[in-house]
Amino acid sequence: MKNIFFSRAVVFLYILELVCGRVVQERNCRDLWNYQNARQSGSYQIDVDAEGPLQPIWVECDMGDGRDPHQVLTVVHHDAEALTDVRGFESAGSYVRNITYQGATEAHLMALIDLSFSCQQYIKWACKGSMFGFWYPPDLNSWWVGRNWKNQYYWGGAETDSRSCGCHPYCYPTKRNSTCNCDDNTKLKWLEDSGLLLDSSRLPVLQLRFGDTGESNEAGQHTLGPLLCRAAGHREIFMGVWPAPVTLTTPGYEEGRYPPPFHKYTWSVKIPEGERMELVFPDYDVVHYGSYNAVPECRSVVTVRAEEENARETVVIMRQKSPPYYASEGSQTTVNITLTTCNQDSQVPLGKGFKAYIRSTKCGGCNPGLGLNEGTTVCTGVCGIIASEEYPFPPNYYFSSDVYYFSSSDYNHTWILRVLEHYVVELEFSDFDVPAIPGSRNCTAESGVLWIYSGEAKRENLIGGFCNLNREGKVYSKTNIMTLVFATRWKKVGNGRGFYAIYRGVHQTPVKRIKTPLPNVAEGKPSKQSSTMDGRNADLGVDGSTHSIAGSSTCTSTEFERDPWWQVDLQKQYLVYGFELHSKKSESKDKSDRIMWPDGQYGLPMPVSGCPVGRGFTWMTGYRYQDMQYDIVQDNKVLHWTPGMLLKGGLQKKTVGGIVQRSGVAQHFCMKTKIQASYSKPRRWPPGEYCILQSASRCPVDFQNGYITWRDTRQSSLSDSQVSGYVPIGNYSLETTRIYFCCRGDGSAENMIELPNDAPFYLFKYGKSCQKVEGMSEMEQYFHFNEDVPPMQPSSRIEKVDGLPKYRKPHPRIDESGYEKGIALYYCYYDISQSLRGFRVTVDETGLTNTFSRYYDELSYGIPHTQVGLFLNAYTCHVYPVTKPEFHVLKVNCSQPIYGQYVTLQVFNRFDSLQFCEIKVFATGKYHFRYHIWLRKFS
């Protein structure tokens, strides 16, 4: 749209056709163009309901350049288009501005909108310390009112009902997780949220409501554009037939000018028989906002339709802000590429379009990015390109209620890669981004895992399950078949890019022809570590001495710190096949072998690593899900749990249409139901200050029982509270949770007690500090349970729930004063100490220690964060879990050979001292040597 606001003479155009004694006029500006040959922009009178009861109204007609009817807009102005200051209105929605449209009632506007193809209004809120709070219901400050006077809790550019602004998910980086720039709540500078409102079922804007401008350093400014309606849909333009290879650009690309709105440009490209080609976009600068999803035919920006001569179905790829990718498989193919432009406004920045190459590639495509849920893709070419669904941008980005854009869904797809007999499959990843659950030590289908098998998908053929914790550069099969199974749970946000890989058939050299042993390439090479304890430098890890008999002088050691690491520079790139690691002999190993869990029936909270080792019995597991609503999930000022907490469960969210509708807390338990274990020597819990879970009618000897009651929710009809498996003694209803504990205070927390120290576990805090456990490091942690509580009762009365006191001592330490409602329950996390477990060995080409990448976490409402961490770009050779036993010597293959120069040993998700005596790295610098040596030396 251009030149709406210009001076012009009022043009009176009437159609003097007498029908039943009344004058009939055109219904919109497009009708004036079609039937009255109107080409001049100006003011016209129209009758939006023709012969209906509504009176004619005056509108603005923007006829564009007078040559293209697709450019014609019907414009209705109002009295609030000027920039307006807002100050002194603190309470939510206390500033009220009713919108009066020139000569038009709400009925006129609705009739005009309903007969139009698309309508739009530009809306802007400039803010200084004034929040929207769409995503935080208690902090909701501002909104707009639309059709039928219904409040609308989203802003220009955002998808309908998304409780977000058009900037999402690229909003100004706020300390507080939010989906609008203004929610940064900064009072030192001006920010803004603006964009187009496009949902015709919600337009027009009838009222503006703002708050949070009451303080002296808070202010806002609103701008609302006129109502613009377009009667015609997209104009289709065919850009011709092109032979491949070819370079395509959108109209105006070279001048940096985006194509006009509501056009469809289609290029048809012919790929000849026998040619393998791929479609790539070196420059992809297109326009798409969540609000476009409400406009017909505007859900995608670029659509690729590929008709392969040998295929039964047409390949269809639809993309928005990320470029599509397509690779042909070698048959004669017609590729149609369509660019769709939609609503535009001069106040909203535009891109410049795209440049696309259709170019030759050595390997053909095997339906890359097209893996349907529960489907199977079979690839039989000499080499081929595969990619996960919708790579490089996963599905479910927007909040639409469209069936395809579900809030979350389990997904799995299988690829069967089959090459010629006497070959093996080489799978090379060009990109791999499958996030793991924060704090997890394993790849799971909940966040994403790629299972790779040598041969059929059978357990005995499993090569490994891979995610970002242990991603690989190259993977090899041992037969001519490799099977991949990608399992994940798609979410609205938080999905990784997935993977892009090329598979090839490569020769498998017979093992018997290989006699050369792999050398240790690490000895004497430069090394470094995160810190140094008692002069035990990093070079002791590669000095050739594998014995610790002389004491610790020949073993390297870091200080006690979070996630310590050690690294060696091999000084050139090698293909690394495996390593041999010599630990510092554990002084407590023999002793710890004799320590068993005490007799009796009891329970412990479950850590993310799972239940600790149970000798002579098996831990029974279960959980309690408490329906519990959190208004603010996590905020830099108000934390609901200890950062880095390793308790399994925690806050859970249930979404509908991408919006959090219900939330809750899951408590997972490890329950010992066997009174005595299979060992003969009785074991009792030692004296101290701590609590455990009650599992039977009585607590173990020397413990006293008590309980804590939670008011989970007062909406039993909506409650999803439930129990599963083995849980502590208690009362579990739809509205409340009461759990019984066994506590003791007959000793000092500072005095070490003996408990199994071969795996992490949790106890409950009872006194002022966490009970110390021999051979373990302890860490105090808390979790806030946001109860649904009524107004506070007088302090002289004992608070009761279901006729019983809310608490009965003794029980674990709680804090009722730190939050507006609910309690914080205190835990003690115990991790292994001075033990070479819970580490990973990685290989990379850069040696960069501090790295960063983009990530989403499940509890941040889809805001992308910059993840700063250690060795995020390194490939994992091997992961040794914290739950495995200690060792003297560990000699293992890498899960697959890895090419790199730097080898790093890193303890992760732990606070400990990294100590070992020697590491040998087995590698070769000759690439052609790789596969058969690996089989020979390390199988």
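If you take the residues in the range 112-140 that are buried (at least 21 other Cβ atoms within 10 Å of the Cβ) and small (Gly, Ala, Ser), which one is modelled with the lowest pLDDT?
Top of the filtered list is Gly133.
Does Val608 meet the test of being touching a Lys or Arg at 6+ places or on another chain (Cβ under 8 Å) and at pLDDT 80 or above?
It is true that Val608 is touching a Lys or Arg at 6+ places or on another chain (Cβ under 8 Å) and at pLDDT 80 or above.
If I filter the range 40-93 down to residues being within 30 Å of Phe210 (Cα to Cα) and either out of contact with any strand residue (DSSP E or B) (no Cβ under 9 Å at 6 or more places or on another chain) or among the polar types (S, T, N, Q) (or both), which single residue comes out as surrounded by the most Cβ atoms within 10 Å (Cβ to Cβ)?
Thr74
If you go through the range 62-81 one residue at a time, how many are closer than 21 Å to Ser41 by Cβ and in a loop (DSSP other than H, G, I, E, B)?
Step one: list which residues in the range 62-81 are closer than 21 Å to Ser41 by Cβ, which gives 62-78, 81.
Next, only the ones that are in a loop (DSSP other than H, G, I, E, B) stay: 63-68, 72, 77, 81.
Total meeting the criteria: 9.
For the range 427-466, which positions are of a type outside the set (A, V, I, L, M), surrounded by fewer than 20 Cβ atoms within 10 Å (Cβ to Cβ), at pLDDT 85 or above and in a loop (DSSP other than H, G, I, E, B)?
Gly455, Glu456, Lys458, listed by residue number.
Mind listing whichever residues of the range 340-380 are surrounded by fewer than 19 Cβ atoms within 10 Å (Cβ to Cβ) and on the phi > 0 side of the Ramachandran plot?
Glu374
Hey, which of the strands (runs of 3 or more DSSP E) in the range 702-815, taking only ones fully inside, have at least 1 residues that are farther than 23 Å from Arg684 by Cβ and touching a residue at least 24 places away in the same chain (Cβ under 8 Å)? Write out each step before concluding.
Values: elements: 704-711, 722-725, 730-732, 736-745, 761-764, 776-785.
Per the criteria, 704-711, 722-725, 730-732, 736-745, 776-785.
Looking only at the range 897-938, which residues are aliphatic (A, V, I, L, M) and at pLDDT 90 or above?
Within the range 897-938, the first condition is being aliphatic (A, V, I, L, M), and the residues that meet it are 898, 903, 905, 907, 914, 919, 921, 923, 933, 935.
Within the range 897-938, Val903, Leu905, Val907, Leu914, Ile919, Val921, Ala923 qualify.
Residues in the range 95-132 that are assigned to a loop (DSSP other than H, G, I, E, B), closer than 30 Å to Tyr630 by Cβ and touching a Phe, Trp or Tyr at 6+ places or on another chain (Cβ under 9 Å): how many? Working first, answer last.
Step one: filter the range 95-132 for residues assigned to a loop (DSSP other than H, G, I, E, B), giving 99-100, 102-105, 115-117, 129-132.
Next, from what is left, pick out any that are closer than 30 Å to Tyr630 by Cβ: 129-132.
The next check asks that each one be touching a Phe, Trp or Tyr at 6+ places or on another chain (Cβ under 9 Å); those that pass are 130, 132.
Adding up the residues that qualify gives 2.
Does the range 353-378 hold any residues that are within 29 Å of the chain's Cα centre (by Cα) and part of a loop (DSSP other than H, G, I, E, B), and which are they?
Of everything in the range 353-378, those that are within 29 Å of the chain's Cα centre (by Cα) and part of a loop (DSSP other than H, G, I, E, B) turn out to be Cys366, Asn367, Pro368, Gly369, Leu370, Gly371, Leu372, Asn373, Glu374.
Out of Gln676, Gln661, Gln722, report the one residue that is modelled with pLDDT under 95, touching a Phe, Trp or Tyr at 6+ places or on another chain (Cβ under 8 Å), surrounded by fewer than 22 Cβ atoms within 10 Å (Cβ to Cβ) and polar (S, T, N, Q).
Working: Gln676 fails: touching a Phe, Trp or Tyr at 6+ places or on another chain (Cβ under 8 Å); Gln661 fails: touching a Phe, Trp or Tyr at 6+ places or on another chain (Cβ under 8 Å).
When all the criteria are applied, what remains is Gln722.
Test Gly93 against the criterion of being on the phi > 0 side of the Ramachandran plot and not aliphatic (A, V, I, L, M), and give yes or no.
Numbers: on the phi > 0 side of the Ramachandran plot: yes; not aliphatic (A, V, I, L, M): yes.
So Gly93 passes the test.
Quick check: is even one residue across the range 491-513 modelled with pLDDT of 95 or more, polar (S, T, N, Q) and within 27 Å of Glu446 (Cα to Cα)?
no
Rundown of residues vs (1) under 22 Å from Asp184 (Cα atoms); (2) modelled with pLDDT of 95 or more; (3) surrounded by 22 or more Cβ atoms within 10 Å (Cβ to Cβ); (4) hydroxyl-bearing (Ser, Thr, Tyr), yes/no style:
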site: Gln207; (1), (2), (3), (4): no, yes, no, no
site: Phe210; (1), (2), (3), (4): yes, yes, yes, no
site: Thr223; (1), (2), (3), (4): yes, yes, no, yes
site: Leu227; (1), (2), (3), (4): no, yes, yes, no
site: Leu248; (1), (2), (3), (4): no, yes, no, no
site: Glu255; (1), (2), (3), (4): no, no, no, no
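Could you list, in sequence order, the residues of the range 380-421 that are within 14 Å of Arg504 (Cβ to Cβ), modelled with pLDDT under 90 and not hydrophobic (A, V, I, L, M, F, W, C)?
Gly381
Provide a single number: the residues in the range 535-565 that are under 18 Å from Ile832 (Cβ atoms) and either modelled with pLDDT under 90 or not polar (S, T, N, Q) (or both). Can you show your working first?
Our first condition is that a residue be under 18 Å from Ile832 (Cβ atoms); within the range 535-565, this holds for 555, 557-565.
The next check asks that each one be either modelled with pLDDT under 90 or not polar (S, T, N, Q) (or both); those that pass are 555, 559-565.
So the count comes out to 8.
With respect to Pro261, determine if the residue is closer than 27 Å to Tyr101 by Cβ, at pLDDT below 95 and surrounded by 21 or more Cβ atoms within 10 Å (Cβ to Cβ). Break it down into steps so the answer makes sense when it comes.
On the way: closer than 27 Å to Tyr101 by Cβ: yes; at pLDDT below 95: yes; surrounded by 21 or more Cβ atoms within 10 Å (Cβ to Cβ): yes.
For Pro261, the condition - closer than 27 Å to Tyr101 by Cβ, at pLDDT below 95 and surrounded by 21 or more Cβ atoms within 10 Å (Cβ to Cβ) - is met.
Just to be sure I understand the filter: pairs with C-beta atoms under 6 Å, separated by 6 or more residues or on different chains, first member in the range 241-262 and on the phi < 0 side of the Ramachandran plot, second member β-branched (Val, Ile, Thr) and assigned to a loop (DSSP other than H, G, I, E, B). Which pairs pass?
Qualifying pairs under 6 Å: Pro259/Thr250; Pro259/Thr341; Pro261/Thr341.
Take residues that are in contact with an Asp or Glu (Cβ under 7 Å, 6 or more places away or on another chain) and polar (S, T, N, Q) and tell me which of the strands (runs of 3 or more DSSP E) falling wholly in the range 234-342 contain 2 or more. It would help to see each step written out before you state the result.
Values: elements: 235-243, 246-249, 263-271, 277-285, 302-308, 315-319, 333-340.
Qualifying strands (runs of 3 or more DSSP E): 333-340.
Scan the range 514-529 for residues that are crowded, with 17+ Cβ neighbours inside 10 Å and modelled with pLDDT under 90 and jot them down.
Result: Leu518, single match.
What number goes with the only condition from (1) at pLDDT 95 or above; (2) within 16 Å of Ala327 (Cβ to Cβ); (3) not aromatic (Phe, Trp, Tyr) that Leu279 does not pass?
Looking at each condition in turn, Leu279 falls short on (1).
Return yes or no: is Tyr574 modelled with pLDDT of 90 or more, within 33 Å of the chain's Cα centre (by Cα) and among the aromatic types (Phe, Trp, Tyr)?
Numbers: modelled with pLDDT of 90 or more: yes; within 33 Å of the chain's Cα centre (by Cα): no; among the aromatic types (Phe, Trp, Tyr): yes.
Spelling it out, it is not the case that Tyr574 is modelled with pLDDT of 90 or more, within 33 Å of the chain's Cα centre (by Cα) and among the aromatic types (Phe, Trp, Tyr).
Exactly one condition in (1) at pLDDT below 75; (2) within 30 Å of Ser477 (Cα to Cα); (3) buried (at least 17 other Cβ atoms within 10 Å of the Cβ) is not met by Tyr855; state its number.
Among (1) at pLDDT below 75; (2) within 30 Å of Ser477 (Cα to Cα); (3) buried (at least 17 other Cβ atoms within 10 Å of the Cβ), Tyr855 violates only (2).
Residue check: is Val280 surrounded by fewer than 18 Cβ atoms within 10 Å (Cβ to Cβ) and among the β-branched types (Val, Ile, Thr)?
When the stated conditions are applied, Val280 passes them.
With respect to Leu469, determine if the residue is at pLDDT below 75, under 30 Å from Gln901 (Cα atoms) and out of contact with any helix residue (DSSP H, G or I) (no Cβ under 7 Å at 6 or more places or on another chain). Show your work before the answer.
On the way: at pLDDT below 75: yes; under 30 Å from Gln901 (Cα atoms): yes; out of contact with any helix residue (DSSP H, G or I) (no Cβ under 7 Å at 6 or more places or on another chain): yes.
The answer is yes for Leu469.
Being surrounded by 19 or more Cβ atoms within 10 Å (Cβ to Cβ) and either of a type outside the set (A, V, I, L, M) or more than 26 Å from Phe89 (Cα to Cα) (or both): is that true of Gly214 here? Can you show your working first?
On the way: surrounded by 19 or more Cβ atoms within 10 Å (Cβ to Cβ): no; either of a type outside the set (A, V, I, L, M) or more than 26 Å from Phe89 (Cα to Cα) (or both): yes.
Taking the combined requirement at face value, the residue does not satisfy it.
Which of the residues spanning the range 191-233 are within 15 Å of Leu112 (Cα to Cα), under 33 Å from the mean Cα position of the chain (by Cα) and in a strand (DSSP E or B)?
The answer is none; no residue qualifies.
The values are calculated or read from the model by the stated rules, or taken from the named source; none is laboratory data. Everything quoted here is computed from the prediction, not taken from an experiment. For neighbour counting, all protein chains shown are included, and Cβ atoms are generated from backbone atoms with ideal geometry for every residue, glycine included.
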